[in-house]
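Chemist: After the structure tokens below, expect a handful of questions from me.
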Amino acid sequence: MRETLSLCLYLMRLRVRTRLEFRASLIISWIAQAFGYIGVFASIWIILTRFETLGGWTWPQMALLLGFHTLGYALGACFTLVQLRRMEEIVLGGEFDTLLVRPINPWAYLVFSGFNIEYGGHVLLGIGIIAWSLPQLSIDWNMATFTLIVGGLISSALITASMLTMIGACALLLGRARYLFGIFFDFWELSRYPASIFAPIFQMALLTVIPLGYMAYVPVSVLLGRPVAYLGSLAPFATLAAGPLSVLAAIAFWRFCLSRYQGRGG
């Protein structure tokens, strides 16, 4: 176990050092990504300045929601998105077969060797929005609040990584999986808004089969003292538990798909 962890950290350091060879390109990428998100956030801000609230959420509250959503996603996607989005090519090209004979878990090799520091723009933007919005809001600061923020962000990252892992694992069975990422991001974009503005059936979906509601909506609602439909007083505990539970589900699904992998072509 210790040797595997050391190897994973070495693969990460190697990837980071390689990417830092082109610092100017990296910084430009960070800026470009940040501006892309700023454009989306600006459109939401314009709507809120015109109508004052969105489903009862003011701009500072929405800003905290967006910051939470962006930062949590970036922390999970830097390990999984680019790496597992290639699963279709890796499987159909026979590259995955070579990973099975290496002395390291194939999932661990994929995610750590492909650690993506290009999410730095997302991270800085998310931290910046959260840092701006928190002083604008009346939040009771105590240890429970701090635990909820840190634990909620970790849970959000785990949910992102878990769902991307399960989508990538589908390539082991189907041979094709790239189209599933498009479906995931359709729901992911909706999850940056308060779930309460959607129909009850969609709210339920975001809290159960597609647990993207726990990325930002549930933890931020708890921080702001807003009620969460279907969860009630269990919302704080659900926020912290959603990430680890999604990891267990992803591990089980990855193993299930791997046990039925038939070689090149799925």
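Read-outs throughout are calculated quantities, based only on the coordinates presented, and are distinct from any laboratory measurement. Since this is a predicted model, take the numbers as computed values, not measurements. For neighbour counting, all protein chains shown are included, and Cβ atoms are generated from backbone atoms with ideal geometry for every residue, glycine included.
Chemist: Among E21, E189, which comes first, then next, by fewest other beta-carbon atoms within 10 Å? Mind showing how you got there, number by number?
Modeler: On the way: E21 8, E189 12.
Starting with the residue having the fewest Cβ neighbours, the order is E21, E189.
Chemist: Compute the angle between helix 178-190 and the longest alpha-carbon principal axis of the chain, please, reported from 0 to 90 degrees and rounded to the nearest 10.
Modeler: So the inclination is approximately 10 degrees.
Chemist: Sticking with this structure for a sec: Which whole-percent values make up P(r) of the chain when all C-alpha to C-alpha distances are grouped in 10 Å steps starting at zero?
Modeler: Result returned by the calculation: 7, 28, 33, 23, 9, 1.
Chemist: What value does region 134-229 have for Rg/Rh, both radii from Cα atoms and Rh as Kirkwood defines it? The partial results should precede the final answer.
Modeler: Working: Rg = 15.5 Å, Rh = 14.7 Å.
A ratio of 1.05.
Chemist: Could you line up M166, M215, M12 from fewest to most neighbouring Cβ atoms inside 10 Å?
Modeler: Working: M166 22, M215 33, M12 17.
By the 10 Å Cβ count, ascending: M12, M166, M215.
Chemist: In debye, nearest 20, what is the charge dipole magnitude of the chain about its Cα centre with +1 on Lys and Arg Cβ and -1 on Asp and Glu Cβ, if you could check?
Modeler: Values: 17 positive and 11 negative charges, 100 e Å.
Roughly 480 debye, rounded to the nearest 20.
Chemist: Based on other C-beta atoms within 10 Å, arrange R260, R192, R2 from fewest to most. Spell out each step's value before the answer.
Modeler: Values: R260 10, R192 21, R2 6.
Ranked by crowding around the Cβ, least crowded first: R2, R260, R192.
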